[in-house]
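The block underneath contains the structure these notes are about, expressed in structure tokens.
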Amino acid sequence: MELCQERRVVERPLVSVVDDDESVRESLPDLLGEFGFAARTFSSAEEFLASDCVDQTRCLILDIAMPGMSGPQLQQELKLSRREIPIVFITASREEAVRPQVLEQGAIECLFKPFSDTALLDAVNSALHSK
Amino acid sequence: MEVQSELASGEVRHLQRCINDLISLLGLPAIWRDGDPPQLLHSLLDALIRLLHLDLVSVSLTDEVDEAPVEIVRFAEQRTPMPSAHEICEALSECSKSDSRRWPPLLRNLMGEGDVSFVPLPLGLQGELGVIVAAARRTDFPRQTEALLLSVAANQASIALQGARLLSHQKRVASQLDQRVVQQTAELATANEELKLELAERRLLEEKLGQEEGELKRSEARKAAIVDSALDCILTIDHEGCITEFNPAAEHTFGYRRDEVLGMPLANVIIPLSLREKHREGFAHYLATEEARVLGKRIETTAVRADGSEFPVELAISRIKLEGPPAFTGYLRDITERKRAEQELRRSEAFLAEAQHLSRIGSFSWRVATDEIICSEQLYRIFQIDRDAQMTFELIGSRIHPEDLSKFQEHLERSRRDRSDVELEFRLQMPDGAIKYVHVAAHFRRDHGRLEYIGAVQDVTERRAFEEALSKARSELSQVARVTSLGVLTASIAHEVNQPLSGIVTNASTCLRMLGADPPNVDGARETARRTIRDGNRASEVISRLRSLYGKKDPTIESVDLNEAALEVLALSLSELQRNRIIVLQELADGLPRVAGDRVQLQQVVLNLLRNASDAMSTIDDRSRDLLIRTEPDRDDRVRLSVTDVGIGFEPQAVDKLFGAFYTTKTEGMGIGLSVSRSIIERHHGRLWATPNKGPGVTFSFSIPCRPQGLTSDDTPATHTPSVSDAA
């Protein structure tokens, strides 16, 4: 909570990462840091919802398949509570059908793991400029 | 360009589906091993309607001797009211000869208006077994691939039906044969008793008659009593051929009273018209020359009753040794019954020979004391030994396969010693080198103090070939299942591998950026490089787990820690289970004895049980999706593994079908997993079963022995126990 406020002070846009995979939670913040963003990580959708970073988050990098609430379910949840954060989905599964579905629901991008740093940067930038 | 590649990938998908369907259809015969035609047809129709999206498929079999005709119909959707399968088959058989637009009203009611395309598929070369009719409302039905699949299915069914009919025919003949042997044994025993009785009677009679001749005058009364009470007809005639005596048995047999015939010429009374002249000539010839053709012999001839009916008789005539002109006594017996029995016996022997020929079963008896062997004709044929040859063990030995000769002799000596029932199987080698498999069953018995074996030898060469083909098909099926579950796993594996790969790419990118910064962030770069290596190792672990699960081909027995094996499978499936929101609970027993088995095959079974449990809970939302995997020592030196879910469970009446291949409650997948799992466990001499829980859901368990017992091989070796055990 304190961290969130701190980051806001330095005016770096907050990007939140929700993924149950530890490698992603460890590696992405450093890369996002290199891009000049503040980053927070959460291991589940429930943890993210319970935090008070929701309103500060400018872009949400969201895993699709997770134990408990899935990524698309979180997307719906946010929509229903009218907190429409731009979402970049990431997924390790190769099911092509899922991409048009989440885009249809308003996601900015859906990246298949592993993705390149530039693809991620493009996606986050689109998200930040979407409003 | 894109359109083209989409078309191509659509084509590939279509072909892939067609190949999958083809594999499913080709796998069917292995499931039909119990050979019950209705059951195999049910599974075929189910598979067809699902694979080809048919609206209607039916089968009708032409009836066999004592089987009711089989008619089965499947609709894609449930119809009400549902006419009987017979009515539908009847209607289909009519319309298949005419225009499909002139749809019989019965079918129009069921299928609705509009065109329906259908394909009749004859079963057997000329459709002699029956016909399958597949129908769909789609206008493009049947496409080329569908027509191919249908004809493959019809061929598979024809082969299986013929096999099933042959098998049931063999069983029927074998049981008839058994009955026949029992009946004949009984008949022979009865005949034997009768003969002994007759002999004793005759001896008594002759004894008494002999005495009487010496004491004629004193024993007139006694003689009369004997003659009167004799069972045979006794007639006496004088030298002119006139009747002087006619006992009560004769009165009864011929239908004359004694006083009617006394003094009448014998020829006119009991000899049929056609034989009278011959009789007179013979009688005159004897009187003139004393040369007799019939005296003192037992002859069979024909006699006539008072009512004119003729019947076969056995006759013995002797001359009465008295002074004066010759006189004769005739002992005469009605042998109608015996003749009929003889004919009956001849006919039943012919039946037996035919049955033995058809069922390739020969029978034999072996007197232990004398080594006298009597064989049926079919047995000579099986051994390819000349019918006239005297059967000896030496001769039989010359036909036995050299590798099986010592086994045969061992059994022979044991039978001689133990005098217990025998059952064994061995190979024969014919003079032309051909190999035959025979099955021998013999029963020991005492026949009036003589020890003998009575038994049957069946040529099971064809059955053997069938079993071998079956076993091969089965192993192919389990390979198909392995590939299928591999396909399903691929998605989950890609997921597992992509996770660390993603970490690697992100870390490496970050590392480059940190080193490229001014000033370079070396500490940060070092940390990201370290994480890159760790993620690389993670990916490699996933691959090596995968290799250990699918890399090996041949089943091998090794000592397996079931806990360890189960944990490996859990590690591979964990992400898939988590995605399905399954909560995995483990109760793995400490110090669990190791089991003997094929690690990979056992892991496939565990994987299958986990996936089933997960699928069964996919629609459960009112309780947590708990999956319990448990290991524990079982009685009789076994180890048990069970997987409990809280899913939708199954209907109690479905338990029997549960393990049949292609039985599935899921909308996707072939449902092949449980039947293959069961056959894997049975090959480990174990047992796989399912029990409904007290609460919701089901528990699947298997139990296998700890001590090595050898895998039941897929190749059937030449032992005397058939290796294809029928799964109950």
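One residue is enough: does the range B:44-63 have a residue meeting the conditions at pLDDT below 75 and either assigned to a loop (DSSP other than H, G, I, E, B) or surrounded by 15 or more Cβ atoms within 10 Å (Cβ to Cβ) (or both)?
Yes, some residue in the range B:44-63 is at pLDDT below 75 and either assigned to a loop (DSSP other than H, G, I, E, B) or surrounded by 15 or more Cβ atoms within 10 Å (Cβ to Cβ) (or both).
For the range B:138-167, name all the residues that are under 20 Å from B:ALA47 (Cβ atoms) and assigned to a loop (DSSP other than H, G, I, E, B). Quick ask: steps written out before the conclusion?
Narrowing the range B:138-167 to residues under 20 Å from B:ALA47 (Cβ atoms): B:138, B:141-164.
B:ARG138, B:PHE141, B:PRO142, B:ARG143 - these are the residues of the range B:138-167 that are under 20 Å from B:ALA47 (Cβ atoms) and assigned to a loop (DSSP other than H, G, I, E, B).
So in the range A:85-105, with the set limited to residues that are over 20 Å from B:GLN578 (Cβ atoms) and within 14 Å of chain B (Cβ to nearest Cβ), which one is nearest to the chain's Cα centre (by Cα)?
Ranking the candidates gives A:VAL88 first.
Name the single residue, out of those in the range A:35-84 being aliphatic (A, V, I, L, M) and part of a loop (DSSP other than H, G, I, E, B), that is farthest from the other protein chains (Cβ to nearest Cβ).
A:VAL54
Looking at the range A:20-28, can you tell me whether even one residue there is among the charged types (D, E, K, R), outside any loop (DSSP other than H, G, I, E, B) and more than 10 Å from chain B (Cβ to nearest Cβ)?
no
Please determine, by comparing only the residues of the range B:549-583 that are polar (S, T, N, Q) and loosely packed, with under 13 Cβ neighbours inside 10 Å, which one is modelled with the lowest pLDDT.
Ranking the candidates gives B:THR556 first.
Which one of B:ARG319, B:ARG346, B:ARG360 is closer than 28 Å to B:ASP178 by Cβ and surrounded by 13 or more Cβ atoms within 10 Å (Cβ to Cβ)?
B:ARG360
So which residues in the range A:95-131 are assigned to a loop (DSSP other than H, G, I, E, B), without any contact (Cβ under 8 Å) to a residue 12 or more places away in the chain and exposed (fewer than 14 other Cβ atoms within 10 Å of the Cβ), if there are any at all?
Step one: filter the range A:95-131 for residues assigned to a loop (DSSP other than H, G, I, E, B), giving A:95-97, A:105-108, A:113-116, A:129-131.
Then drop every residue that is not without any contact (Cβ under 8 Å) to a residue 12 or more places away in the chain, which leaves A:95-97, A:114, A:116, A:129.
Result: A:GLU96, A:ALA97, A:SER116, A:HIS129.
Kindly check whether there is at least one residue in the range B:585-606 that is modelled with pLDDT under 80, in contact with an Asp or Glu (Cβ under 8 Å, 6 or more places away or on another chain), surrounded by 16 or more Cβ atoms within 10 Å (Cβ to Cβ) and under 23 Å from B:LEU627 (Cα atoms).
No: the range B:585-606 contains no residue that is modelled with pLDDT under 80, in contact with an Asp or Glu (Cβ under 8 Å, 6 or more places away or on another chain), surrounded by 16 or more Cβ atoms within 10 Å (Cβ to Cβ) and under 23 Å from B:LEU627 (Cα atoms).
Looking at the range B:581-589, can you tell me whether even one residue there is more than 14 Å from chain A (Cβ to nearest Cβ), touching a residue at least 24 places away in the same chain (Cβ under 8 Å), in a helix (DSSP H, G or I) and among the acidic types (Asp, Glu)?
no
Would you confirm, using the coordinates I've provided, whether B:ARG594 is more than 14 Å from every other protein chain (Cβ to nearest Cβ), among the charged types (D, E, K, R) and under 15 Å from B:PHE700 (Cβ atoms)?
No; evaluated as a whole, the condition is false for this residue.
Quick one: count up the residues across the range B:509-526 that are more than 8 Å from chain A (Cβ to nearest Cβ), crowded, with 18+ Cβ neighbours inside 10 Å and either out of contact with any Ser or Thr (no Cβ under 9 Å at 6 or more places or on another chain) or within 18 Å of A:PRO114 (Cβ to Cβ) (or both).
Count: 2.
Can you find a residue that is at pLDDT 80 or above, crowded, with 19+ Cβ neighbours inside 10 Å, more than 14 Å from chain A (Cβ to nearest Cβ) and in contact with a His (Cβ under 6 Å, 6 or more places away or on another chain) anywhere in the range B:454-472?
Checking the range B:454-472: at least one residue is at pLDDT 80 or above, crowded, with 19+ Cβ neighbours inside 10 Å, more than 14 Å from chain A (Cβ to nearest Cβ) and in contact with a His (Cβ under 6 Å, 6 or more places away or on another chain).
The values are calculated or read from the model by the stated rules, or taken from the named source; none is laboratory data. Source: prediction; values computed, not measured. In this analysis, Cβ positions are derived from the backbone assuming ideal geometry, glycine residues included, and neighbour counts consider all displayed protein chains.
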